[in-house]
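Comments concern the structure below.
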Amino acid sequence: MLGVDDVAAQLGSIGFRCRECGACCRRVAEDSNLVLVSPAEVRAIMAATDMGWNEVAEPYPDFIGADNGAEYTLAWCLRRTADACIFLRDGRCSIYAHRPWICRTYPFMLVDDDLAASECPGLGAPLSPGDARDAAADLCRRQAAEAMEEAGIRTVFREATVPPGKRAVIDSEGVKVLDG
């Protein structure tokens with residue numbers, strides 16, 4: 001597992017400055033703006049916005065079929081319109097202080113022991129050592145949070161039962177059967 005200093009050094013060599021263009025929030029290709037969120041992140045956004053679960057989140061779109069005719073998916077995503085994340089308003093994030101880990105750390109992510117970068121117009125801009133360290137710390141916290149969520153999903157999945165013919169999301173909190 002990479003440490004904060006290792007990640008900061010890599011970030012510093014790549015460089016980044018957010019241009020606040022909102023391109024990462026817009027759909028430019030199928031599922032290009034798919035933002036996975038944990039139940040804890042959904043709840044934080046709900047508390048900040050007074051919105052309900054189904055107003056904030058939608059099931060991850062790829063479902064897996066079960067033997068009993070049920071279907072399930074293992075993640076939630078921020079709800080989207082045909083064009084963008086529902087929280088992109090007037091070119092700005094309306095939940096910026098409560099945005100999920102993926103948004104906080106974009107365009108970077110840690111994949112095992114590698115730093116990966118998505119396409120972004122802000123890449124290559126000078127990044128101060130302090131900003132690189134802050135971003136690296138966020139990436140490491142995101143990696144730890146995602147590992148905890150994955151462990152929770154595995155625990156729930158072992159005992160999960162989706163009712164026959166129903167669709168559900170299995171997350172770290174349990175099985176959530178979807179309406180309709």
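The values are calculated or read from the model by the stated rules, or taken from the named source; none is laboratory data. Note that this is a predicted model, so its numbers are computed, not measured. No Cβ is skipped: glycine too gets one built from the backbone with ideal geometry, and neighbour counts run over all protein chains shown. Keep in mind that these areas ignore ligands, DNA and RNA; they rest on the heavy atoms of the full protein, side chains included. Shrake-Rupley method; radii C 1.70, N 1.55, O 1.52, S 1.80 Å.
Screening the candidates Cys103, Cys120 for the property of being closer than 13 Å to Arg17 by Cα and out of contact with any strand residue (DSSP E or B) (no Cβ under 6 Å at 6 or more places or on another chain) yields one hit, Cys120.
Yes or no, residue by residue, for (1) charged (D, E, K, R); (2) open to solvent by less than 70 Å² (accessible area, probe 1.4 Å); (3) at positive phi:
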| residue | (1), (2), (3) |
| --- | --- |
| Pro61 | no, yes, no |
| Asp67 | yes, no, no |
| Ala70 | no, yes, no |
| Leu74 | no, yes, no |
| Leu78 | no, yes, no |
| Ala82 | no, no, no |
| Phe87 | no, yes, no |
| Cys93 | no, yes, no |
| His98 | no, no, no |
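Candidates are the residues of segment 107-131 that are in a loop (DSSP other than H, G, I, E, B) and open to solvent by 70 Å² or more (accessible area, probe 1.4 Å); the one that is nearest to Glu58 (Cα to Cα) is Glu119. Residues of segment 16-57 that are within 15 Å of Val169 (Cα to Cα) and surrounded by fewer than 18 Cβ atoms within 10 Å (Cβ to Cβ): Leu36, Ala40, Trp53, Asn54. Tell me whether segment 38-47 contains one or more residues that are in a loop (DSSP other than H, G, I, E, B), of a type in the set (Ser, Thr, Tyr) and at pLDDT 95 or above. Checked against the condition, which is being in a loop (DSSP other than H, G, I, E, B), of a type in the set (Ser, Thr, Tyr) and at pLDDT 95 or above, segment 38-47 yields at least one hit.
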